[in-house]
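Asks: Sharing a structure here in C-alpha cells format.
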C-alpha cells in the first residue's frame, strides 16, 4: 500500500473513532435523560440482624430532563420504568461478588419532572445465604476467606429501564450504591 493511501486510511479511521462520542446519556432513544439521586440509605447492613429483610433505599428520586436544552418535551416523553437491574461488585479487594439481581416494578416519571421513592428494595435478603455474604455468618466461620475480614464491602450498581409513552427505550445511568456487610459486628 502506498503512503498516501495509508495516510488517508489513518485519517478516516481517526474521524470515525472521534465521532463515536463518549456520553452514555445519548445511548437511549428517548428525548429525555433520567438521573437517580439517592437521598438517604443505611450503608451498614448486619445480615444477621436483617435476616429475612431485603436491603432497601430509604429515599431516592428519579429526575427527568430534556436531552437538548432546545427540546420541547411533553406527555409523550413521560416514562414508565419497568425493570430494575442490580450488579454487585467488590470494593474491598475480594473477587467473589454477590449475584446480579433484577426485578420488574413499574414507576412513572413525568417528562421534566421527578418521582420520589421511599423504601424501594435494592437487594433481596435471600442472597445473604449465598457467597460471598454467607461466609460472614457464624455457621461459616464469620470471616471472608478472600480478604480475611469480618466484613464485605460491595457496591450495588443500580440501573433502571423503561419506555416513554411514545414507545422509545430509556434507561438511567448506572449508579453505584456502597454497602458494608457484616454479621454481628
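Asks: Would you confirm whether any residue within the range 81-89 is farther than 28 Å from residue 181 by Cβ and out of contact with any helix residue (DSSP H, G or I) (no Cβ under 7 Å at 6 or more places or on another chain)?
Replies: Yes, because at least one residue in the range 81-89 is farther than 28 Å from residue 181 by Cβ and out of contact with any helix residue (DSSP H, G or I) (no Cβ under 7 Å at 6 or more places or on another chain).
Asks: Quick check, is residue 129 farther than 26 Å from residue 60 by Cα and in contact with a helix residue (DSSP H, G or I) (Cβ under 6 Å, 6 or more places away or on another chain)?
Replies: No; evaluated as a whole, the condition is false for this residue.
Asks: Let me spell it out: the conditions are (1) surrounded by fewer than 16 Cβ atoms within 10 Å (Cβ to Cβ); (2) touching a residue at least 12 places away in the same chain (Cβ under 8 Å), and residue 148 meets all of them except one. Which number is the exception?
Replies: (2)
Asks: Being exposed (fewer than 11 other Cβ atoms within 10 Å of the Cβ), at pLDDT below 90 and not in a strand (DSSP E or B): is that true of residue 7 here?
Replies: yes
Asks: Say we look at the range 32-61 and pick out the residues that are more than 16 Å from the chain's Cα centre (by Cα), modelled with pLDDT of 90 or more and in a loop (DSSP other than H, G, I, E, B); which of these is surrounded by the fewest Cβ atoms within 10 Å (Cβ to Cβ)?
Replies: 49
Asks: Across the range 62-71, what is the total count of residues that are assigned to a loop (DSSP other than H, G, I, E, B) and in contact (Cβ under 8 Å) with a residue 24 or more places away in the chain?
Replies: Of the residues in the range 62-71, 3 are assigned to a loop (DSSP other than H, G, I, E, B) and in contact (Cβ under 8 Å) with a residue 24 or more places away in the chain.
Asks: Could you say which residue among 134, 158 is touching a helix residue (DSSP H, G or I) at 6+ places or on another chain (Cβ under 7 Å) and closer than 18 Å to residue 55 by Cβ?
Replies: Just one listed residue meets the conditions, 134.
Asks: Between residues in the range 88-112 that are without any contact (Cβ under 8 Å) to a residue 40 or more places away in the chain and on the phi < 0 side of the Ramachandran plot and residues that are outside any strand (DSSP E or B) and surrounded by fewer than 18 Cβ atoms within 10 Å (Cβ to Cβ), which pairs lie under 8 Å by C-beta distance while being six or more apart or on different chains?
Replies: The qualifying pairs are 99/130; 101/124.
The values are calculated or read from the model by the stated rules, or taken from the named source; none is laboratory data. Owing to the predicted nature of the structure, the values given are computational and were not obtained by experimental measurement. Note that we place each Cβ from the backbone using ideal geometry, even for glycine, and neighbour counts take in every protein chain shown.
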